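Each remark here refers to the structure printed beneath this line.
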Amino acid sequence: MSALTFTPMTDDAFALFWPTFQAIVAEQQTYAIDPNISYQAAYTLWCEVPKATFAVKDASGELVGSYYLKANAAGPGDHVCNCGYMVTAAARGKGVARAMCEHSQQIAQTLGFKAMQFNAVVSTNEVAVALWQRLGFSIVGTVPNAYRHATQGLVDTHIMHKLL
């Protein structure tokens, strides 16, 4: 997808993003977030807790995704960051997740992070696992049966890591 614009998430942008967030969480295939999460709780989780959250728009100004970036741990572990990415259904398969991951790595380095870690990449999300690996992430651990997938039952999650 050409000409993506990354801007800090605003209240108005989150309102536009909310249906995507809700749909992804409700699918119970990729995110370990309560599918009944309220708007305010989702806003807090996605926009207030992280160090940075971005809205991503295409060349026409259409919101196509969002990501957050935060420290993965506190204190002596706060040099490793964690990100979460969500892409609208209409924009999937068009390079948005790749662009968000690449952008987030640049922002992470600017913020002084030394590594990026994804704590629970659902193993059945093969597209994401393959993309993260193409972008230099390694599976450093697998947690057996750590995710209750809506259609496949208990599945593994991967911990993925990359030095920045």
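The values are calculated or read from the model by the stated rules, or taken from the named source; none is laboratory data. Everything quoted here is computed from the prediction, not taken from an experiment. All Cβ positions, glycine included, derive from the backbone under ideal geometry; neighbour counts span all protein chains shown. Heavy atoms of the whole protein, side chains included, go into the accessibility calculation; ligands, DNA and RNA do not. Shrake-Rupley method; radii C 1.70, N 1.55, O 1.52, S 1.80 Å.
General remarks:
- With all protein chains modelled, accessible area of residue 27 [1.4 Å, Å²]: 80 Å²
- With every protein chain in place and a 1.4 angstrom probe, the accessible-area ranking of 12, 34, 58, largest first, reads 12, 34, 58.
- Rounded to the nearest 20 debye, the dipole magnitude of the stretch 55-129 is 20 debye, with +1 charges on Lys and Arg beta carbons, -1 on Asp and Glu beta carbons, and the Cα centre as origin.
- Our summary gives the stretch 1-136 a relative contact order of 22 percent, counting only alpha carbon pairs under 8 angstrom and 6 or more residues apart.
- Accessible surface of the chain [probe 1.4 Å, protein heavy atoms]: carbon and sulfur percent: 52 percent
- Accessible surface computed residue by residue for the chain, with neighbouring protein chains in place and a 1.4 Å probe, gives 50 Å² per residue.
- Total formal charge among the other residues, if their Cβ is under 11 angstrom from that of residue 95, Lys/Arg +1 and Asp/Glu -1: +1
- Extension gain for the segment residue 138 to residue 48, taken as residue separation times 0.36 nm less the Cα-Cα distance, is 29.5 nm to one decimal.
- Near residue 84, the amide H atoms lying under 5 Å from its own belong to 68; only residues 5 or more places off or on other chains count, and H is placed 1.01 Å from N.
- FRET efficiency for residue 10 and residue 62, using Cβ-Cβ distance with R0 set to 25 Å, rounded to 0.05: 0.95
- In the chain, the DSSP-assigned H stretches of four residues or longer account for a calculated mean residue ellipticity at 222 nm of -8500 deg cm²/dmol, using -39500 (n - 2.57) per stretch and the full residue count as denominator.
- Where Cα atoms sit under 24 Å apart: lysine pairs in the chain separated by 8 or more or lying on different chains: 9
- Taking label points 7 Å from Cα along the Cα-to-Cβ direction, residue 92 and residue 145 give a separation of 2.8 nm.
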